[in-house]
Amino acid sequence: MPPTPRPIPRFAAEPPHEAEPYGRWAERLADLFAEACAEAGVDELERDAVRWFPPRAWGGRAFVPATAPAPGGGELFGYVSYATAGEQEEPAEFIARAEVTTETAADNPDWLIDLSDEVIGSWRGPADSHGEMTLVWGVPMRPGAAIATAELDGETVDQCEVSQGGGFTLVTLDAVEGFGDTLFLEVAIWDRRGALLGRESLYESEESSP
């Protein structure tokens with residue numbers, strides 16, 4: 001194949017190797033997430049209501065996204081991150097982030113995918129090209145969704161199976177500059193046969209049809 005005119009990272013993160021946290025591990029992460037929520041101005045996190053998403057690892061760290069109902073309405077979203085460890089080592093260097101939004105799937109029945117995102121790093125490419133490494137997690141709103149993909153200008157750059165818990169996690173570039181028009185991320189959901197069920201952008205709320 002000839003050289004690509006856009007040498008950007010594709011499938012830069014490790015695929016999910018574990019299911020969503022549970023048991024004591026989930027309790028430990030929930031404590032950290034609660035601290036981040038308090039820093040965001042929400043002191044009353046209902047820990048049992050935290051929804052975890054599949055962990056992904058990138059840049060020597062694992063990222064475990066989460067959402068939870070916010071007291072009085074809205075939703076808390078964020079993640080817990082830690083340095084990845086070897087088989088004989090414990091996770092370390094924990095970091096947690098949380099924000100509050102009033103935009104929820106319950107109030108937007110036209111959404112095809114309930115998405116959250118957070119920039120976790122940056123990328124510098126050839127010449128002055130650059131982009132934002134972004135953690136994206138979500139829940140398909142259409143039945144039968146089995147795989148979620150991240151797309152830049154129609155090209156798949158990451159993918160994740162929808163877990164038994166109903167969610168997915170992507171790690172991919174977004175807002176890529178330096179190759180003509182800015183490349184903005186879109187997320188698509190597919191069934192097991194490869195049929196497109198829907199596509200959403202991080203930058204618009206209008207419904208996107210297959």
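So which chymotrypsin sites (Phe, Trp or Tyr not before Pro) in segment 1-73 end up in coil per DSSP with only 16 or fewer other C-beta atoms within 10 Å?
Values: sites: Phe11, Tyr22, Trp25, Phe33, Trp52, Trp58, Phe63; in loops: Phe11, Tyr22.
Sparse-neighbourhood loop chymotrypsin sites (Phe, Trp or Tyr not before Pro): Phe11, Tyr22.
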Q. Taking the Cα atoms only, what angle lies between the long axis of helix 23-39 and the longest principal axis of the chain, rounded to 10 degrees?
A. 80 degrees
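Only loop residues by DSSP count here, and only those with at most 11 other Cβ atoms within 10 Å; note down the trypsin sites (Lys or Arg not before Pro) in segment 115-210 that meet that.
Working: sites: Arg124, Arg192, Arg193, Arg199; in loops: Arg192, Arg193.
Within segment 115-210, the qualifying trypsin sites (Lys or Arg not before Pro) (loop, at most 11 other Cβ atoms within 10 Å) are Arg192, Arg193.
What FRET efficiency do you get for Glu46 and Ala127 if R0 is 45 Å and r is their Cβ-Cβ distance, rounded to the nearest 0.05?
Working: r = 49 Å, r/R0 = 1.08.
With R0 = 45 Å, the Cβ-Cβ based efficiency is 0.40.
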Q. Using θ = phi - 60° and the Karplus form 6.51 cos²θ - 1.76 cosθ + 1.60, what ³J(HN,Hα) does each residue of segment 140-151 get, whole Hz, x for Gly and Pro?
A. x, 9, 10, x, x, 5, 10, 9, 10, 10, 9, 10
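Calculate for the chain the 222 nm mean residue ellipticity that helices alone would give, adding -39,500 (n - 2.57) per DSSP H run of length 4 or more and normalising by residue count, nearest 500 deg cm²/dmol.
Using -39500 (n - 2.57) per qualifying helix, the result is -2500 deg cm²/dmol.
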Q.
For Ala96, what residues show an amide H to amide H distance below 5 Å, using hydrogens built from the backbone and excluding near sequence neighbours?
A. Ser81
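Readers should treat all values here as calculations from the given coordinates under stated rules, not as data from a laboratory. Source: prediction; values computed, not measured. As a convention, Cβ positions derive from the backbone with ideal geometry for all residues, glycine included, and neighbour counts pool all protein chains shown.
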